[in-house]
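Working notes for the structure below.
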Amino acid sequence: MDGAQIRTAYEILGPRLVSVRNRFSPAHLSTRDTLGPCTELGLAFLPWSPLGGISRSAVDDPDAAGPAPDTPCHSPARTRGVSPQQVCLSWQLAQSSVAVPIPGARRPASVRDSAGAAGLHL
């Protein structure tokens, strides 16, 4: 969904439109321009695959396994002593007050790590 589509949907639905879900991460910035209309209209922006590019997955590379090569999130993570995932989520939260990245997690430690992104200031 692009900015024009968001505005059209809001014209039709009004306050019944409450969120927009687009793929968005440091490795997938093509929908970054939709943050403006979402912020302006007060719509939650829910990035799907918010950690895309930090760890390999079937979404990013179905034939690969294991961590992705060094990404822009790795260096600041090492400097701050946190995970690249936490840096990635913190960066997304800083993009707009309506950004709500919701990463998947299988382990309690991953959930705790992701929650720490809210307190990390880049």
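The values are calculated or read from the model by the stated rules, or taken from the named source; none is laboratory data. A quick note: this is a predicted structure, and the numbers were derived from the prediction, not measured. Note that we place each Cβ from the backbone using ideal geometry, even for glycine, and neighbour counts take in every protein chain shown. Just so you know, the surface numbers come from the protein's heavy atoms only, side chains and all, with ligands and any DNA or RNA stripped out. Shrake-Rupley method; radii C 1.70, N 1.55, O 1.52, S 1.80 Å.
Within the range 8-27, can you find the residues that are touching a Cys at 6+ places or on another chain (Cβ under 7 Å) and either of a type in the set (Ser, Thr, Tyr) or at pLDDT 95 or above (or both)?
Answer for the range 8-27, where residues must be touching a Cys at 6+ places or on another chain (Cβ under 7 Å) and either of a type in the set (Ser, Thr, Tyr) or at pLDDT 95 or above (or both): Val20, Ser25.
Check Ser90 against each of (1) touching a helix residue (DSSP H, G or I) at 6+ places or on another chain (Cβ under 7 Å); (2) over 20 Å from Leu29 (Cα atoms); (3) not hydrophobic (A, V, I, L, M, F, W, C) and name the one condition it does not meet.
Ser90 satisfies all of (1) touching a helix residue (DSSP H, G or I) at 6+ places or on another chain (Cβ under 7 Å); (2) over 20 Å from Leu29 (Cα atoms); (3) not hydrophobic (A, V, I, L, M, F, W, C) except (2).
In this structure, does Ser30 turn out to be of a type in the set (Ser, Thr, Tyr) and modelled with pLDDT of 95 or more? Give the derivation first.
Details: of a type in the set (Ser, Thr, Tyr): yes; modelled with pLDDT of 95 or more: no.
Taking the combined requirement at face value, the residue does not satisfy it.
Which numbered condition in (1) open to solvent by 40 Å² or more (accessible area, probe 1.4 Å); (2) of a type outside the set (A, V, I, L, M, F, W, C); (3) at pLDDT 90 or above is the only one that Pro37 fails?
Condition not satisfied by Pro37: (1).
For Gln86, work out the one condition from (1) modelled with pLDDT of 90 or more; (2) surrounded by fewer than 20 Cβ atoms within 10 Å (Cβ to Cβ); (3) under 14 Å from the mean Cα position of the chain (by Cα) it doesn't fulfil.
Only one criterion is unmet by Gln86, namely (2).
Could you list, in sequence order, all residues of the range 94-122 that are in contact with a strand residue (DSSP E or B) (Cβ under 6 Å, 6 or more places away or on another chain) and outside any loop (DSSP other than H, G, I, E, B)?
The answer is Ala99, and nothing else.
Does Val59 satisfy the condition of being part of a loop (DSSP other than H, G, I, E, B), over 11 Å from the mean Cα position of the chain (by Cα), within 20 Å of Ser114 (Cα to Cα) and at pLDDT 90 or above?
no
What residue, among those in the range 7-43 that are under 24 Å from Pro103 (Cα atoms) and among the polar types (S, T, N, Q), is nearest to the chain's Cα centre (by Cα)?
Among residues in the range 7-43 that are under 24 Å from Pro103 (Cα atoms) and among the polar types (S, T, N, Q), the one nearest to the chain's Cα centre (by Cα) is Ser25.
In this structure, does Leu46 turn out to be at pLDDT 85 or above, buried (at least 17 other Cβ atoms within 10 Å of the Cβ), touching a strand residue (DSSP E or B) at 6+ places or on another chain (Cβ under 9 Å) and in a strand (DSSP E or B)? Before you say what the answer is, go through the steps one by one.
Numbers: at pLDDT 85 or above: yes; buried (at least 17 other Cβ atoms within 10 Å of the Cβ): yes; touching a strand residue (DSSP E or B) at 6+ places or on another chain (Cβ under 9 Å): yes; in a strand (DSSP E or B): yes.
Yes: the conditions hold for Leu46.
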